[in-house]
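**Student:** My questions all concern the structure below.
The values are calculated or read from the model by the stated rules, or taken from the named source; none is laboratory data. No experiment lies behind these values; they were computed from the predicted model shown. Cβ sites come from the backbone with ideal geometry, for glycine too, and all protein chains shown count toward neighbours.
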Amino acid sequence: MELHFDYSGLYEFLYSVSSWLLWLVGRAFEFIGVDSDNFFYPVRQFLTDQQFVYFVALILVALIYLVAGLLFGIQFIWMERKFLGRFMDRRGTQVGFLGFFQNFADAFKVLLKAVIIPKDSDKRVYQFAIFGILAVSFMLLGLVPWDNNFYAVNVPLALLLGLAVFSLAPFTLILAGWSSNNKYTVIGGMRGAAQLIAYEIPILLVVVSAVVMTGTLNFAEMVAWQQNNVLLFIPLFIGAITFFIAGVAESERIPFDLPEAESELVEGWQTEYGSLGWGLIMAADYLRAYIVCVLFSIIFLGGWAGPDFIPGSVWLLTKAAIVFFFMVWLRAATVRIRTDQLLKFCWNRLLPLAVINLAIAVLIRVYSVGWW
Amino acid sequence: MAEEIKKRTTYLSRGALKPRAYVGDGLKVTFRTLVRTTIHRPNTIQYPWETLVKPECYRGRPGITLETCIACSKCVKICPNKCIEMVPIDHPTLGKVKRPQVNVARCMMCGYCAEVCPTDAMIVTPEFELAAYTRSALMYDPIKLQHERKPGYIVHSPMVTPSEMKSGRTDSHDKGDMAIKDTVQLDSRKCISCARCSKTCPVGAITMTDTGELNPKTNKPVKKPVFDDNKCVSCEQCVDVCPKSCLSMKEAM
């Protein structure tokens, strides 16, 4: 087997690494005398097979991407605690260096708690709902690239796939709320589903306008278009604002946190979840916020486009963190709104704005395609 | 004015959210707070390492000066939590006397004991870190209750009587003024001249004086108590000790 490293992408790099490792394994088998007539020859063949190398590379990519994404999600939790503290004239978390270790302490605490499943719940669905919401969030995590070279998958219709996966979430919310067999969770799940479905539509319309402008559904090409022409934030300013507000609602954050309104519904659809299940749901919540931020910065702020002295992925994460700062600011500044106001706001304000934005995008595309 | 404030503060108009009142003002205020707390520091005091500067009139646990205390037990009577008790102590200079002991675990730091103290022997101290490992450690006996004095530790409670307020006068009375002092009244028909009240009185305001009469049985002069209202501290100990209930308090207000 030819030894050949290709650093162009994370996947290619890890494929080279795993093929090199498995080539070493094959050499070791050869060294201890596993030849074509040996009993263990099929094992050697299996381990050095092209498909198995792909599989190992895929697992490595998934692991690295998961760890990187989770770490950044955790950093978002820290950011929220610290900034919210400053917004409220107090110090945020203080465990460890600037409070960085609070999240890890919380994770360990949650890990050590007893797993309690409600007696009258639908146990299988109750447990499946955790994995459902986790799967939805982690799948999105894999879809958004950090850089030209740092991505898990690069499919042509990534944006469409991402939004389709995003819209699976209400289903798991309803499952979780219904299977817990509790009034609060059912109401929370219903509210969550209504809210997520309603705010899906402005998001899709805004994304369609971005697609009209760039003419592609692939994140990398979208960013390349913005590098060549203009940041979409400037022509589609209305759409960016709409996307931001709808994104806040999609990630169930204040002022749109009706599904888990503490003063009315205890903890909403998560009420009956405890220990690690709750911890994972919480992590998934922040991952969704993180994904909304990354999507915003890729679609509107040019993703990893920026001066070269800083790596592209750092640019992307910085932009995402700035978007998240605005989310925290909005959380500090506003109060929770009522359900009717929520839906009215969506249908009467955001949807027209999204349509206007789409019209602007189409007009720009038709009349000034030459210089943009 | 009220209409204008209402207009500014409500964030709804005909059921819809008003952008400026609902989001704009909140964003402005929170951002100002963020800038201030980032440049300077948040309002939080990190307590074990930092403490607020306490004013001298801070009402912490009560303290006492044993020499000026006259054991009138007014503090025992006023205490809302009933945590003060008079206990006998053996003092090197004062001898065997009674002085108040405070159960700090039950004390609510109201400072009433210092407020009623006629000689300002009871004071409030700025000590508030009183945690201890046992309950008995929180029982502050008179020796432990002693504390250094500063002018701010003395509690003053100037009063104005309602009649004076009606007549438009604003000058106030400090404690011990005759205008607000409760005085003792004697029902001399019941009195048996036992002189317990004059023995009990902590300030010596009661003197047994001849009335000029003679007891028909023993032919000795009859003595009745006479009260010096200027010396009296209205401690009611004579009222409590009287065996025939012939003394009563006359309230000033």
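**Student:** Tell me the residue from A:GLY312, A:GLY239, A:GLY268, A:GLY247 that is touching a residue at least 24 places away in the same chain (Cβ under 8 Å) and under 20 Å from A:TYR184 (Cβ atoms), please. Give the steps one after another, and end with the answer.
**Tutor:** Working: A:GLY312 fails: under 20 Å from A:TYR184 (Cβ atoms); A:GLY239 fails: under 20 Å from A:TYR184 (Cβ atoms); A:GLY247 fails: under 20 Å from A:TYR184 (Cβ atoms).
It is A:GLY268.
**Student:** For A:TRP329, indicate whether it is of a type in the set (Phe, Trp, Tyr), assigned to a helix (DSSP H, G or I), within 14 Å of chain B (Cβ to nearest Cβ) and surrounded by fewer than 23 Cβ atoms within 10 Å (Cβ to Cβ).
**Tutor:** Values: of a type in the set (Phe, Trp, Tyr): yes; assigned to a helix (DSSP H, G or I): yes; within 14 Å of chain B (Cβ to nearest Cβ): yes; surrounded by fewer than 23 Cβ atoms within 10 Å (Cβ to Cβ): yes.
Spelling it out, A:TRP329 is indeed of a type in the set (Phe, Trp, Tyr), assigned to a helix (DSSP H, G or I), within 14 Å of chain B (Cβ to nearest Cβ) and surrounded by fewer than 23 Cβ atoms within 10 Å (Cβ to Cβ).
Yes/no matrix, rows are residues, columns are (1) modelled with pLDDT under 90; (2) β-branched (Val, Ile, Thr):
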| position | (1), (2) |
| --- | --- |
| B:ILE206 | no, yes |
| B:ASP210 | yes, no |
| B:LEU214 | yes, no |
| B:THR218 | yes, yes |
| B:VAL222 | yes, yes |
| B:PHE227 | no, no |
| B:ASN230 | yes, no |
| B:CYS242 | no, no |
| B:CYS246 | no, no |
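**Student:** A further question on this structure: What are the residue pairs meeting all of these: first residue in the range A:79-91, first residue more than 7 Å from chain B (Cβ to nearest Cβ), second residue of a type outside the set (A, V, I, L, M, F, W, C) and in a helix (DSSP H, G or I), Cβ atoms under 7 Å, and 6 or more apart or on different chains?
**Tutor:** A:ARG81/A:GLY99; A:ARG81/A:GLN102; A:LYS82/A:GLY99; A:LEU84/A:ARG331
**Student:** Name the residue, out of A:ASP122, A:ASP147, that is surrounded by 15 or more Cβ atoms within 10 Å (Cβ to Cβ), among the charged types (D, E, K, R) and either at pLDDT below 85 or touching a Lys or Arg at 6+ places or on another chain (Cβ under 7 Å) (or both).
**Tutor:** Details: A:ASP122 fails: either at pLDDT below 85 or touching a Lys or Arg at 6+ places or on another chain (Cβ under 7 Å) (or both).
Result of the check over A:ASP122, A:ASP147: A:ASP147.
**Student:** Ok, one more. Hey, can you tell me all the residues within the range B:226-236 that are buried (at least 19 other Cβ atoms within 10 Å of the Cβ) and either under 21 Å from the mean Cα position of the chain (by Cα) or assigned to a helix (DSSP H, G or I) (or both)?
**Tutor:** Taking the range B:226-236 as the starting set, the residues that turn out to be buried (at least 19 other Cβ atoms within 10 Å of the Cβ) are B:227, B:232-235.
B:CYS232, B:VAL233, B:SER234, B:CYS235, listed by residue number.
**Student:** Which residue out of B:ARG59, B:ARG99 is outside any loop (DSSP other than H, G, I, E, B) and either touching a strand residue (DSSP E or B) at 6+ places or on another chain (Cβ under 8 Å) or assigned by TED's automatic domain parsing to the domain that holds B:PRO202 (or both)? Write out each step before concluding.
**Tutor:** Numbers: B:ARG59 fails: outside any loop (DSSP other than H, G, I, E, B).
Only one candidate qualifies: B:ARG99.
**Student:** Just a yes or no: is a residue in the range A:163-172 in a helix (DSSP H, G or I), out of contact with any Pro (no Cβ under 7 Å at 6 or more places or on another chain) and free of Cβ contacts under 8 Å to residues at least 12 places away in the same chain?
**Tutor:** Filtering the range A:163-172 for residues in a helix (DSSP H, G or I) gives A:163-166, A:169-172.
Next, from what is left, pick out any that are out of contact with any Pro (no Cβ under 7 Å at 6 or more places or on another chain): A:163-166, A:169-172.
Pick out the ones that are also free of Cβ contacts under 8 Å to residues at least 12 places away in the same chain and you get A:164.
Yes, that holds for at least one residue.
**Student:** With the structure loaded, tell me whether B:LYS244 is part of a loop (DSSP other than H, G, I, E, B), under 36 Å from the mean Cα position of the chain (by Cα) and without any contact (Cβ under 8 Å) to a residue 60 or more places away in the chain or whether it fails that test. Write out each step before concluding.
**Tutor:** On the way: part of a loop (DSSP other than H, G, I, E, B): yes; under 36 Å from the mean Cα position of the chain (by Cα): yes; without any contact (Cβ under 8 Å) to a residue 60 or more places away in the chain: yes.
In short, yes.
**Student:** I need the full set of residues from the range B:37-64 which are buried (at least 18 other Cβ atoms within 10 Å of the Cβ), of a type in the set (Val, Ile, Thr) and more than 14 Å from chain A (Cβ to nearest Cβ), in order please.
**Tutor:** Of everything in the range B:37-64, just one residue is buried (at least 18 other Cβ atoms within 10 Å of the Cβ), of a type in the set (Val, Ile, Thr) and more than 14 Å from chain A (Cβ to nearest Cβ), namely B:ILE64.
**Student:** So A:ASN357 passes all but one of these: (1) assigned to a helix (DSSP H, G or I); (2) within 14 Å of chain B (Cβ to nearest Cβ). Which condition number does it fail?
**Tutor:** Going through the list (1) assigned to a helix (DSSP H, G or I); (2) within 14 Å of chain B (Cβ to nearest Cβ), A:ASN357 breaks only (2).
**Student:** Taking the condition at negative phi and in contact (Cβ under 8 Å) with a residue 12 or more places away in the chain, does A:PHE233 pass? Lay out the reasoning, then the answer.
**Tutor:** Values: at negative phi: yes; in contact (Cβ under 8 Å) with a residue 12 or more places away in the chain: yes.
Considered against the rule, which asks whether it is at negative phi and in contact (Cβ under 8 Å) with a residue 12 or more places away in the chain, A:PHE233 comes out as yes.
**Student:** Let me ask something else. Can you tell me which residues in the range A:332-349 are over 23 Å from A:TYR286 (Cα atoms) and either surrounded by 20 or more Cβ atoms within 10 Å (Cβ to Cβ) or within 9 Å of chain B (Cβ to nearest Cβ) (or both)?
**Tutor:** Hits for the range A:332-349 are A:ASP340, A:GLN341, A:LYS344, A:PHE345, A:ASN348, A:ARG349.
**Student:** Also, I was wondering about something else. Residues in the range A:289-309 that are in contact (Cβ under 8 Å) with a residue 60 or more places away in the chain and assigned to a loop (DSSP other than H, G, I, E, B): how many?
**Tutor:** Residues in the range A:289-309 being in contact (Cβ under 8 Å) with a residue 60 or more places away in the chain and assigned to a loop (DSSP other than H, G, I, E, B): 6 in total.
**Student:** Evaluate the following for B:LEU66: is it assigned to a loop (DSSP other than H, G, I, E, B) and not assigned by TED's automatic domain parsing to the domain that holds B:LYS199? Full working, then the answer.
**Tutor:** Details: assigned to a loop (DSSP other than H, G, I, E, B): yes; not assigned by TED's automatic domain parsing to the domain that holds B:LYS199: yes.
Yes: the conditions hold for B:LEU66.
**Student:** Do we find that A:ALA28 is among the small types (Gly, Ala, Ser), farther than 29 Å from A:LEU140 by Cβ and outside the structural domain of A:SER313 (by TED's automatic domain parsing) in this structure? Working first, answer last.
**Tutor:** Numbers: among the small types (Gly, Ala, Ser): yes; farther than 29 Å from A:LEU140 by Cβ: yes; outside the structural domain of A:SER313 (by TED's automatic domain parsing): yes.
The answer is yes for A:ALA28.
**Student:** How about the range B:24-36: which of its residues are within 9 Å of another protein chain (Cβ to nearest Cβ) and among the charged types (D, E, K, R)?
**Tutor:** B:ASP25, B:LYS28, B:ARG36
**Student:** Limited to the range B:75-91, what total is found for residues that are at pLDDT 90 or above and either charged (D, E, K, R) or more than 15 Å from the chain's Cα centre (by Cα) (or both)?
**Tutor:** 8
**Student:** Does at least one position in the range A:180-192 carry a residue that is in contact with a helix residue (DSSP H, G or I) (Cβ under 7 Å, 6 or more places away or on another chain), assigned by TED's automatic domain parsing to the domain that holds A:MET282, crowded, with 20+ Cβ neighbours inside 10 Å and under 22 Å from A:SER313 (Cβ atoms)?
**Tutor:** no
**Student:** Which of the strands (runs of 3 or more DSSP E) found entirely inside the range B:104-219 contain at least 2 residues meeting this: free of Cβ contacts under 8 Å to residues at least 24 places away in the same chain?
**Tutor:** Per the criteria, B:206-214.
**Student:** Before we move on, is A:PRO352 over 20 Å from the mean Cα position of the chain (by Cα), modelled with pLDDT under 85 and either surrounded by fewer than 20 Cβ atoms within 10 Å (Cβ to Cβ) or within 14 Å of another protein chain (Cβ to nearest Cβ) (or both)?
**Tutor:** Details: over 20 Å from the mean Cα position of the chain (by Cα): yes; modelled with pLDDT under 85: no; either surrounded by fewer than 20 Cβ atoms within 10 Å (Cβ to Cβ) or within 14 Å of another protein chain (Cβ to nearest Cβ) (or both): yes.
Considered against the rule, which asks whether it is over 20 Å from the mean Cα position of the chain (by Cα), modelled with pLDDT under 85 and either surrounded by fewer than 20 Cβ atoms within 10 Å (Cβ to Cβ) or within 14 Å of another protein chain (Cβ to nearest Cβ) (or both), A:PRO352 comes out as no.
**Student:** Another question, if that's okay. Quick check: anything in the range A:99-109 surrounded by 17 or more Cβ atoms within 10 Å (Cβ to Cβ) and in a loop (DSSP other than H, G, I, E, B)?
**Tutor:** Among the residues of the range A:99-109, not one is surrounded by 17 or more Cβ atoms within 10 Å (Cβ to Cβ) and in a loop (DSSP other than H, G, I, E, B), which makes the answer no.
**Student:** Working carefully through the options A:GLY73, A:GLY69, A:GLY26, A:GLY96, find the one that is more than 14 Å from every other protein chain (Cβ to nearest Cβ) and on the phi > 0 side of the Ramachandran plot. First the steps, then the outcome.
**Tutor:** On the way: A:GLY73 fails: on the phi > 0 side of the Ramachandran plot; A:GLY69 fails: on the phi > 0 side of the Ramachandran plot; A:GLY26 fails: on the phi > 0 side of the Ramachandran plot.
It is A:GLY96.
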